[in-house]
Protein chains: 2
Amino acid sequence: MKLLHTADWHIGKELGGFSLLEEQKAAFKKILQLALDEQVDGIIVAGDLYDRAIAPTSAVTALEAMLREMNLTHHLPIYAVSGNHDGATRLGAGHEWREQTNLYINTTLAEAFTPVETEEAQIFMLPFLEPTAARVYYQVAEDEIADYQSIEQVMARIVPEMVANFNPDKRHILVTHYYVTGSDNEDYEFTSETNSRVGGLKGITAGQFADFDYVALGHLHLREASPTKTIRYSGSPVKFNTKEAQTEKGVYIVDVTADGVETTWHPIAPTKDLIVLQETFETLTDPAFYQQYDRAHANFFSIRIQGAAQSSNARADLTEIYGDVVELQYDMPKIALDQQVVPEPVDDDISNEDLIGQFYEEVMGESLTPMQETLVSDTLVAISQAEEG
Amino acid sequence: MKLLHTADWHIGKELGGFSLLEEQKAAFKKILQLALDEQVDGIIVAGDLYDRAIAPTSAVTALEAMLREMNLTHHLPIYAVSGNHDGATRLGAGHEWREQTNLYINTTLAEAFTPVETEEAQIFMLPFLEPTAARVYYQVAEDEIADYQSIEQVMARIVPEMVANFNPDKRHILVTHYYVTGSDNEDYEFTSETNSRVGGLKGITAGQFADFDYVALGHLHLREASPTKTIRYSGSPVKFNTKEAQTEKGVYIVDVTADGVETTWHPIAPTKDLIVLQETFETLTDPAFYQQYDRAHANFFSIRIQGAAQSSNARADLTEIYGDVVELQYDMPKIALDQQVVPEPVDDDISNEDLIGQFYEEVMGESLTPMQETLVSDTLVAISQAEEG
């Protein structure tokens, strides 16, 4: 069978106060077209369908239209799980009715142990969950809590219970949404410090998922973070920040045969791209420079001004020229901690993630690594989820 | 055919800081049992399934379980609309999948014109909507807006479009959620002042719905507010405030035959009742008095103390005796507007509705009428819906 693997749609996400909804809809259309062209037998969405536990109604309307088009119009089975950004209860509402047409969105641990059975494969869907949720599910006694502290410990109990339901005549697919460490990619090899604890959770090691023929992961937005060849992140189909601007976005087509699993990468070209500029204000405002770019809302621009801006309102000037300026930063030398600093005025539209990132950069003189960035993002999500209750 | 008509479940509602969820679940069980005993062909829920546009997750879990039990376990068709308290987009999410098993929750005007067809009847479901939503739907031009200002005007266009789809060989049922004026019940006859505008919307008159054989209404919580014998409010199945405390709650069984429509009232006895006490503090704390009531969380108590309370903490004393004191008020004489007043300390747990009600009472010396109370409640809901966006 053939599956399309995507993840981290984050429908409703904004970039510097600009809605990404139209770009997300455009990416969706391309993903759907690819699924139809490739005649896949189903689409995997490995968590973070929404950007927030309480998604704005515009995001709800958009995701519903996507699910409808895939599942009701084109009769494509959907294999999805809730990620850490999703509100599991809200996303899971009505799932029994959706399953009647093979639209699966698992949002609880209880659902993880019963795979969807196809002719060739068993597809297990394990949503993101905190160790506390597993302790509730397993009714862990007071004196056993030490064995259920980390997500790694919890997984050591969950995975064997899934494996116990394996049909040896079939291939075994897992759809889930976690950090999985053990990368064979230098760029994303974790330092020993971050290896064991990322996002407040002990990391899962690739070996824990070794029994599966393919693990379709969501959580990290770059496919390069995939820990092994059969345990993969598809990454997000849309660029969410400057770190992701120079990377290629896309999805995997996963071929599941008796001989094994083969994945093929299919890029999804952005309709409205995220372009990062790092120039002096003089260059940025020089027609000879800016006329090389499609502007007037054709692209998003993340701009870093080198040196001082000869303007009383650099943002207004650059917005006039470039259209959608989603980020505006100033290159600053590393600040010694004992130095008196007059801080740059804070951009009103800036997200909490970016604010922390900029602060780190100003103090440390280097930007957050992708891992650190995810840690910051996850912490902020965990806080907002706690507020939602 | 036989239908059960209920409305205004307001799942997730609190009463003076106390959750009504358990009482709502208990009422649901009784409603379901009645539906099974009476072998009805479907259950009408005429709006306000939730109490808020963004219902707490506990309410989502509870309503989902109810829908599952009615529709998937017992295969009962559900005919529901969103009310002014519901968040239409969120409640409507996934409705195409739910409809596969005859669970209908209409949340948009577009859905109102296509009835569900049964052998004997056409069931139209028209959700609550503001005139603005109708103007968008009908793409009303600038110079026609004057004809779409009030809900009465809007209904004058909507109803004929539904009637145009009538099959003359069938009975015609409408499920909706509005004020409908023209009561034949003295207690709820509106004054000329409130007749035309309640809740910021011009009222719909019963005559506008004359083409239907039965109109199953939600919005007002007392069945006594029903405008005619075939245009009825079932009222809420649970008591939500002191005004409703002395009334009988229940549902209608609606018999639809070739000869016409017959309704039978079926009371739903509260499991945990709302008891209103109005006594001196001395009486309230006298065992001979309070021992006549089932206390210790067996009932909710709304208490009005007559005269001064001989206690430094009347609430603590009364909670100790009665358990769940959902309201605590003090009888005060009417205050002249030019009089210097030391206000009573405000109860922290009090809802905005009750706060406005108490203020009105203190100033005017009389309590809000049910109509005024609904006006206050609707205004507050409209404000919170506007915040939700």
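In the range A:48-195, Rg over Rh equals 1.00, where Rg is the alpha-carbon radius of gyration and Rh the Kirkwood radius from pairwise Cα distances. Farthest toward the positive end of the dipole of the protein assembly as shown, out of B:THR108, A:HIS177, B:LEU36, is the Cα of B:LEU36, where the dipole comes from beta carbon charges about the Cα centre.
Antiparallel DSSP bridges in the protein assembly as shown: what percent, to the nearest 5?
Details: 36 of 118 bridges.
The antiparallel fraction comes to roughly 30 percent.
Look at the alpha carbon pairs under 8 Å that are at least 6 residues apart: their mean separation over the length of chain B gives a relative contact order of 16 percent.
At 222 nm, what value in deg cm²/dmol follows for the protein assembly as shown if DSSP H runs of at least 4 each add -39500 (n - 2.57) and the sum is divided by all its residues, to the nearest 500?
Details: 26 runs with 230 residues, N = 778.
That calculation yields -8500 deg cm²/dmol at 222 nm.
Take B:GLU69, move 7 Å from Cα toward the beta carbon, and the resulting point lies 3.9 nm from the same point in each other copy, nearest first.
Within 11 Å, Cβ to Cβ, of B:GLY235, how many net charges do the neighbouring residues add up to if Lys/Arg are +1 and Asp/Glu are -1? Don't skip to the end; give the middle numbers.
Details: positive: B:ARG223, B:ARG232, B:LYS239, B:LYS249; negative: B:ASP8, B:GLU224, B:GLU244, B:GLU248.
Charge balance in the 11 Å sphere: 0.
Using the Cβ of B:ASN165 as centre and a radius below 15 Å, the other residues enclosed give a net charge of -3, where K and R count +1 and D and E count -1. Globularity index of the range B:64-135 is 1.13 (Cα radius of gyration / 2.2 N^0.38 Å, N = number of residues).
What the Cβ-Cβ distance of B:GLU262 and A:GLN100 gives, at R0 = 56 Å and to the nearest 0.05, is a FRET efficiency of 0.95. The alpha carbon centroids of the range B:119-161 and the range A:105-170 are separated by 50 Å.
With the convex hull built on the Cα atoms of chain B, state its orientation-averaged projected area in nm². Write out the running numbers ahead of the final one.
Numbers: hull surface 85.2 nm².
Reported value for the Cα convex hull: 21.3 nm².
Dipole magnitude for the protein assembly as shown: about 1220 debye, using +1 per Lys or Arg Cβ and -1 per Asp or Glu Cβ, origin at the Cα centre. A point 7 Å from Cα along Cα→Cβ stands in for A:LYS29, and the other copies hold the same point at 5.3 nm, listed in rising order. Using alpha carbon centroids, what distance separates the range B:277-293 and the range A:231-287, in Å? Here the two parts' Cα centres lie 72 Å apart.
Considering only beta bridges that DSSP places wholly inside the range B:2-267, some 40 percent are antiparallel. Which links in B:LYS170/B:LYS243; A:LYS2/A:LYS249; A:LYS25/A:LYS170; A:LYS25/B:LYS25; B:LYS29/B:LYS170 stretch past 28 Å when you go from one Cα to the other? Over 28 Å apart, Cα to Cα: B:LYS170/B:LYS243; A:LYS25/A:LYS170; A:LYS25/B:LYS25; B:LYS29/B:LYS170.
With a Förster radius of 41 Å applied to the C-beta separation of B:ASP143 and A:HIS74, the computed FRET efficiency comes to 0.45. Taking the range A:126-150 and a reference point 7 angstrom along Cα→Cβ of A:ALA382, the backbone N atoms nearer than 16 Å belong to A:128-135, A:148-150. The length gained on full extension between B:THR228 and B:THR132, counted as 0.36 nm times the residue separation minus their Cα-Cα distance, comes to 31.8 nm. Toward the positive end of the charge dipole of chain B, with +1 on the Cβ of Lys and Arg and -1 on the Cβ of Asp and Glu, the farthest Cα among B:VAL256, B:ALA55, B:TYR148 is that of B:VAL256. Rg/Rh for the protein assembly as shown stands at 1.01; both radii use Cα atoms, and Rh follows the Kirkwood definition.
Is there a quick way to get the dipole size of the range A:263-330? I mean about its Cα centre, with the Cβ of Lys and Arg at +1 and of Asp and Glu at -1; what is the value in debye to the nearest 20? Walk me through the numbers on the way to the answer.
Numbers: 4 positive and 9 negative charges, 33 e Å.
For this selection, approximately 160 debye.
Pairwise Cα distances in the range A:1-97 exceed 24 Å for 17 percent of all pairs. Extending 7 Å from the Cα toward the beta-carbon at both A:ASP37 and B:ALA288 defines two label points whose distance is 9.0 nm. Taking B:PHE166 in one copy and the same position in all the others, each labelled 7 Å out along Cα→Cβ, what are the pairwise distances from the first, in nm, shortest first? Between copies, matching label points for B:PHE166 lie 6.6 nm apart.
For A:THR280 and A:THR108 in the same chain, what is the full-extension length gain: residue separation times 0.36 nm, less their Cα-Cα distance, in nm?
Working: separation 172, 0.36 × 172 = 61.92 nm, distance 5.09 nm.
Contour length minus the Cα-Cα distance gives 56.8 nm.
For A:GLN246 and A:SER367, the difference between the fully extended length at 0.36 nm per residue and the C-alpha to C-alpha distance is 42.0 nm.
Taken together, the values in this text are just the output of simple stated rules run on the coordinates, not laboratory data. Since this is a predicted model, take the numbers as computed values, not measurements. Cβ atoms come from the backbone with ideal geometry, glycine included; neighbour counts cover every protein chain shown.
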